[in-house]
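Comments concern the structure below.
Throughout, read-outs are computed from the coordinates displayed, never taken from laboratory work. All values derive from a computational prediction rather than experimental measurement. In this analysis, Cβ positions are derived from the backbone assuming ideal geometry, glycine residues included, and neighbour counts consider all displayed protein chains.
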């Protein structure tokens with residue numbers, strides 16, 4: 001099965017047994033059997049059209065919200081963010097952004113164009129594609145509040161233009177047509193709202209002072225439960241600084257788990273589960289992961 005995938009002709013770059021620790025912000029995890037960096041949407045579409053449907057497929061962004069288990073990922077990992085970097089102003093209130101555009105870049109450019117509200121995108125650590133996939137948000141704003149349409153590509157390589165009505169969007173959750181991945185989106189902004197670099201700078205400064213940005217992490221590990229904050233619950237459970245192997249609950253922000261000392265993915269996952277079970281025991285609240293955990297356990 002994998003031999004058939006290896007025989008496919010591609011214009012981009014194909015790597016084998018690629019360590020996913022190079023491609024996640026936690027700097028941990030096993031290898032991908034195949035790691036494909038397409039040269040263009042056309043290259044990606046042709047690859048998907050030829051790929052055996054029995055071969056597992058995983059779409060990778062920048063890995064800012066991802067934990068890959070130490071056994072790695074079977075099948076093909078597609079990393080298309082480098083080619084999906086278009087960022088264009090369509091008209092007075094609309095912006096077209098590729099899935100590979102960093103959310104911070106989107107925020108800065110929208111402010112230059114005086115399009116708001118857009119500052120909140122600077123608080124999202126990943127790319128537009130990841131923000132679309134999970135309805136990422138920060139500072140009171142959420143990605144899908146600004147979405148007018150999205151472009152996707154399916155398992156057969158066909159490109160689609162879809163509307164928000166075709167998706168079910170909630171807090172840090174998005175579900176829609178199966179086996180499709182985001183290529184980009186058109187965002188609409190409010191003509192009555194003027195953003196400012198001062199507000200953006202204030203958001204970034206607050207992020208720098210309250211989050212452990214200098215150490216490998218994935219950002220917030222757990223979603224906030226209704227009416228409360230995961231960080232408060234974790235801190236109240238006495239878990240700041242708690243370690244398993246090289247993984248540690250941050251002293252700076254309790255909803256961050258940092259790779260303090262060459263942590264394995266197993267260390268991180270075990271600490272996530274310990275935090276979840278402890279908060280459930282102490283507070284009676286079951287925290288839900290915001291981080292995505294994928295791949296095989298080490299054998």
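The radius of gyration of the Cα set in the stretch 87-188, together with its Dmax, comes out at 12.7, 39 angstrom. Between residue 91 and residue 296, how high is the FRET efficiency from 1/(1 + (r/R0)^6) when r is the Cβ-Cβ distance and R₀ = 41 Å? Nearest 0.05. With a Förster radius of 41 Å, E is 0.30. Taking 22, 260, 232 as the candidate residues, the one with maximal mean-square fluctuation in a Gaussian network model of the chain, Cα springs under 10 Å, is 232. Normalised by the number of residues in the stretch 87-188, the mean separation of alpha-carbon contacts (under 8 Å, six or more apart) gives a relative contact order of 29 percent. Under the rule a/c < 1.5 gives rounded, and otherwise a/b versus b/c splits prolate from oblate, where does the stretch 25-96 land using the Cα gyration tensor? Judged from the Cα gyration tensor, the stretch 25-96 comes out oblate (a/c at least 1.5, b/c at or above a/b). Taking each residue as 0.36 nm, the span from residue 54 to residue 283 lengthens on full extension beyond its C-alpha to C-alpha distance by 78.1 nm.
Rg of the Cα atoms in the chain, relative to 2.2 N^0.38 Å, amounts to 1.02.
In this simple spin-label approximation, residue 39 and residue 236 carry label points 7 Å from Cα along the Cα→Cβ vector, and these lie 5.7 nm apart.
Hydrodynamic analysis of the stretch 226-299 uses the Kirkwood radius over alpha carbon pairs. Inserted into Stokes-Einstein at 25 °C and 0.890 mPa s, it gives a translational diffusion coefficient of 194 µm²/s.
When the chain is treated as a GNM with alpha-carbon contacts under 10 Å, the residue of 133, 254, 262 showing the greatest mean-square fluctuation is 262.
Taking the average, over residues, of other Cβ atoms within 10 Å as the packing measure, peptides 155-166, 193-204 rank 193-204, 155-166 from highest down. Of 123, 241, 219, the residue with the greatest mean-square motion in the GNM of the chain, using alpha carbon springs below 10 Å, is 241.
For the stretch 172-299, the fraction of C-alpha pairs farther apart than 16 angstrom is 70 percent.
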